[in-house]
Amino acid sequence: MPQKSPAHDKNEQFKKILLKSKEDIVHDIKNMAAVNSADNKDKGGDVSGHAMHIADVATDMYDREFSLGLASNERELLNRIDAALKRIAEKTYGLCVVCKKAILAARLKALPYVETCVKCQEDIENKKR
Ligand SMILES: [Zn+2]
């Protein structure tokens, strides 16, 4: 691989990672939506036919709510990925949005869409409590 500008290459790398995770999440959300609607069709007749199976129905509802919750988490993740892609375009990627200092490369590798450095993240978490 040619090494022109290391900083630029790194951003390109993260951009690829972010775009890939975005694709995966969109794919997951679509899959979940498909499973949920297939479920509704399937179980519609089943539930009315076996009205006494309350435990089964409750489990189904729990599963559905769980998937919906997951979908909303993934949507939030999508927003964060989009925000990170925007920061790459604006050349502010890798900088903490709070203190503007560089975020550790290891942290970016683990969480490419992360917005804050460890210290500011801790401050935010502490405020939540
Ligand atoms: Zn910070």
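Exactly one residue among A55, A110, A51 is among the small types (G, A, S) and at pLDDT 70 or above, and that residue is A110. Of the residues making up region 73-116, those that are near the ligand (Cβ under 10 Å from one of its atoms) and in contact with a strand residue (DSSP E or B) (Cβ under 8 Å, 6 or more places away or on another chain) are L95, C96, K101, A102, I103. For beta carbons closer than 6 Å, sequence separation of 6+ or different chains, a first residue in region 114-129 that is closer than 24 Å to I88 by Cα and in contact (Cβ under 8 Å) with a residue 24 or more places away in the chain and a second that is within 9 Å of the ligand (Cβ to nearest atom) and in a loop (DSSP other than H, G, I, E, B), the qualifying pairs are E115/V97; C120/C96; C120/V98; C120/C99.
The values are calculated or read from the model by the stated rules, or taken from the named source; none is laboratory data. Please read all numbers here as calculations on a predicted model, not as lab measurements. Ideal geometry is used to build each Cβ from the backbone, glycine not excepted, and the neighbour counts take in all protein chains shown.
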